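Chemist: Input: one structure, supplied below.
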Amino acid sequence: PRYGTKLAQVKHEGIDIIIALDVSNSMLAEDIRPNRLERAKQELSRLIDKFKDDRIGLIVFAGEAYIQMPITNDYLSARMFLSGITTEMVSRQGTAIADAIDLGLRSFNYNSAAGKAIVIISDGENHDGNVMEACKKANSKGVRIFTIGMGSEQGARIPQVDNLNTKDY
């Protein structure tokens, strides 16, 4: 038997992906079952199952953006953090897509040769910031941006959430 440690250089061939997930209250609309947020979380979990050599980070945003999980290759932790995401995580409502992109750009290690991408999952139009300027900044850094829209063409009522009750408006 042997024990000890051994240093080895590992070549990273995957890409670094930041998932920016909209957690505004409109993501609770039920035009997609069970609702937009839960469906997005289900699909993201399936996506994580397909990762092999990629690294993932999670950002949640509504009126502001926050890092939920820094970039990692720990897919089990990613699923755990993903399952805990709710609309109550961000107190300021809105859809600040530019803030999510800017935070994603600050989250990457640009010394790494790995490709970089930000995947934005949202149901709404941008309410705060300048999205086009943020996209141009991402492009200049070689970061690709992908968007996934959640919702149906018919739409649905957006539930008004308070601490005890959910009401449709």
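What follows is calculated from the coordinates using simple rules that are stated; it is not laboratory data. All of these numbers come straight from a predicted model, not from anything done at the bench. Glycine also receives a Cβ, built like all others from the backbone with ideal geometry; neighbour counts cover every protein chain displayed.
Chemist: Would you kindly state how much longer the chain becomes between Ala113 and Thr5 on full extension, computed as 0.36 nm times their sequence separation minus their alpha carbon distance, in nm to one decimal? Mind dumping the intermediate values first?
Modeler: On the way: separation 108, 0.36 × 108 = 38.88 nm, distance 2.65 nm.
Value of the extension gain: 36.2 nm.
Chemist: Taking the Cβ of Val131 as the center, what net charge do the other residues with Cβ under 12 Å away carry, scoring Lys and Arg +1 and Asp and Glu -1? Show your work: numbers first, answer last.
Modeler: Working: positive: Lys136, Lys137; negative: Asp99, Asp102, Glu125, Asp128, Glu133.
Counting the neighbours of Val131, the net charge comes to -3.
Chemist: Per-residue ellipticity at 222 nm for the chain, helices alone: DSSP H runs ≥ 4 residues times -39500 (n - 2.57), over residue total, nearest 500 deg cm²/dmol? Don't jump to the answer; show the numbers that get you there.
Modeler: Values: 4 runs with 45 residues, N = 169.
The helix-only estimate for the chain comes to -8000 deg cm²/dmol at 222 nm.
Chemist: Please list, in order along the stretch 114-130, the HN-Hα scalar couplings obtained from phi with the Karplus expression 6.51 cos²θ - 1.76 cosθ + 1.60 (θ = phi - 60°), rounded to whole Hz, x for Gly and Pro.
Modeler: 4, x, 10, 8, 10, 10, 9, 10, 8, 10, x, 7, 6, 10, 10, x, 10
Chemist: How high is the relative contact order of the chain, in percent, counting Cα pairs under 8 Å that sit 6 or more residues apart? Display every interim value, and only then the final one.
Modeler: Numbers: 319 pairs, mean separation 47.1, N = 169.
Relative contact order comes out at 28 percent.
Chemist: If the label point is 7 Å along Cα→Cβ of Asn139, which residues in the stretch 98-125 have backbone nitrogen under 19 Å from it?
Modeler: 98-106, 116-120
Chemist: At 7 Å along the Cα-to-beta-carbon direction for both Gln160 and Arg92, put a label point, then send me their distance in nm to one decimal.
Modeler: For the pair Gln160/Arg92, the computed spacing is 2.3 nm.
Chemist: Another one. Report the gain in length on full extension from His127 to Glu64: 0.36 nm times residue separation, minus Cα-Cα distance, nm rounded to one decimal.
Modeler: Details: separation 63, 0.36 × 63 = 22.68 nm, distance 1.07 nm.
Stretched fully, the His127-Glu64 segment lengthens by 21.6 nm.
Chemist: Between Met80 and Ile148, what FRET efficiency comes out of the Förster formula 1/(1 + (r/R0)^6) with R0 = 30 Å and r the beta carbon distance, rounded to 0.05?
Modeler: Working: r = 22 Å, r/R0 = 0.72.
Step by step, r from the Cβ atoms, then E = 0.90.
Chemist: Return the long-range amide H neighbours of Ala20 (sequence gap of 5 or more, or a different chain), with a cut-off of under 5 Å between placed amide H atoms.
Modeler: Ile59, Val119, Ile120, Ile121
Chemist: Let me ask something additional. How do the peptides 15-24, 89-98 rank, highest first, by the average count of neighbouring beta carbon atoms within 10 Å per residue?
Modeler: Numbers: 15-24: 24.4, 89-98: 18.1.
Taking the mean over residues of other Cβ atoms within 10 Å, the ranking is 15-24, 89-98.
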